[in-house]
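Below is one structure; the comments refer to it alone.
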Amino acid sequence: MKKLSLVIALLIWIGCKPADPSMENHSARQYYQLRTYSFANIVQAQATRLYLKDALIPALQRMQIGPVGVFNNRVDEKDTLPRTYVLIPLQSLDELLEIDQTLATDSIYSADGQAFLSANYDNPPYLRLESTLLHAFSEWPQLVTPPLDGPRADRIYELRSYESPTESYGKNKIEMFNAGGEVRLFERLGCNAVFYGQVVSGSRMPNLMYMTAYSDSTSRYQHWDAFFGSPEWKSLISNPYYDHNVNHADIWLLYPTEYSEY
């Protein structure tokens, strides 16, 4: 009888356990640190990118933190400031604190990053470093690496930031992604979402950020055409419940470095 009760309990547990990782409970939601390095010139960019490649990424790998994405912007007449973005997935906020503590005692990291870490005040390796902390959406609790092939230089990792006029409107926009079905629409269309996150510490709050990925610019245009033409989006955008929940949007079209882990 005890064995039968145990079997029944096990079957109930299996039946209640979500098959889709996007439906897992709140505790499964990752955090993300997004580091944005801005550079005054190519010399700074080269110094920082060498540090990331040879020192920071290998050190994070030794800590079993990853996969870490490293992306550069495409400098042109509209975007003249070179930047590098580093996306670090975290299982908890404690892990964020542990990174700095571990790096401080990692002799390999100190040696490999010596030039960057000991740079003089009049020759810094970057113009500015901004750190943004995000908490994953309930509908997409874990970072997903996109199954892209083809040349990395052709790929587009589209990073978006949506700012809201108030925290209440910000929560409404997040609800639009989760319960409203915007996340599911991106998934249905094969937009290769990497992450969706609410910014919990940053310079543009209240805001959310997310990243989708495409093999090239043609694929990106095709996917966005399908998105804006979909019945799901037309239904969402015509719903007055979601009116005025975004008052500023930024879009950055990035490409992965050769040492990015995806």
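Could you tell me the relative contact order of region 130-198? Use alpha-carbon pairs under 8 Å, at least six residues apart, and round to a whole percent. Can you show the working numbers first?
Details: 41 pairs, mean separation 40.5, N = 69.
Answer for region 130-198 is 59 percent.
Over the alpha-carbon set of region 68-203, work out the extent along each principal axis and list the three values in angstrom, largest first.
Ordered largest first, region 68-203 gives principal extents of 50, 37, 32 Å.
Between the helical axis of 2-16 and the dominant principal axis of the chain, each derived from Cα atoms, what acute angle in degrees is found, rounded to the nearest 10?
Roughly 60 degrees between the two axes.
Rg/Rh for region 151-202: what does it come to with C-alpha atoms and Rh from Kirkwood?
Numbers: Rg = 13.2 Å, Rh = 12.8 Å.
A ratio of 1.04.
Given Cα pairs under 8 Å that are at least 6 residues apart, what percent is the relative contact order of the chain? Write out the running numbers ahead of the final one.
On the way: 451 pairs, mean separation 67.5, N = 262.
Relative contact order, the chain: 26 percent.
Between residue 218 and residue 142, how many nm apart are label points set 7 Å from Cα along the C-beta direction?
With each label placed 7 Å out from Cα toward Cβ, I get 3.4 nm.
Could you check the simple spin-label distance between residue 53 and residue 120, using points 7 Å along Cα→Cβ, in nm with one decimal?
Result for the modelled spin labels: 2.5 nm.
Kirkwood hydrodynamic radius, computed over distinct alpha-carbon pairs, for the chain: how many Å, to one decimal? Before the final figure, lay out the partial values.
Values: mean 1/r = 0.0494 Å⁻¹.
Its Kirkwood hydrodynamic radius stands at 20.3 Å.
For a quick check: sort 218, 80 by the number of other beta carbons within 10 angstrom, fewest at the front.
Details: 218 11, 80 7.
Lowest to highest Cβ neighbour count: 80, 218.
Each label point is 7 Å from the Cα along the Cα-to-Cβ direction; what then is the distance between the points at residue 248 and residue 81, in nm?
The two pseudo-label positions are separated by 1.3 nm.
Values quoted throughout were computed directly from the atomic coordinates according to the rules given, and no laboratory measurement underlies them. Model, not experiment: these values are computed from the prediction. Counting neighbours? That spans all protein chains shown, and the Cβs are built from the backbone with ideal geometry, glycine included.
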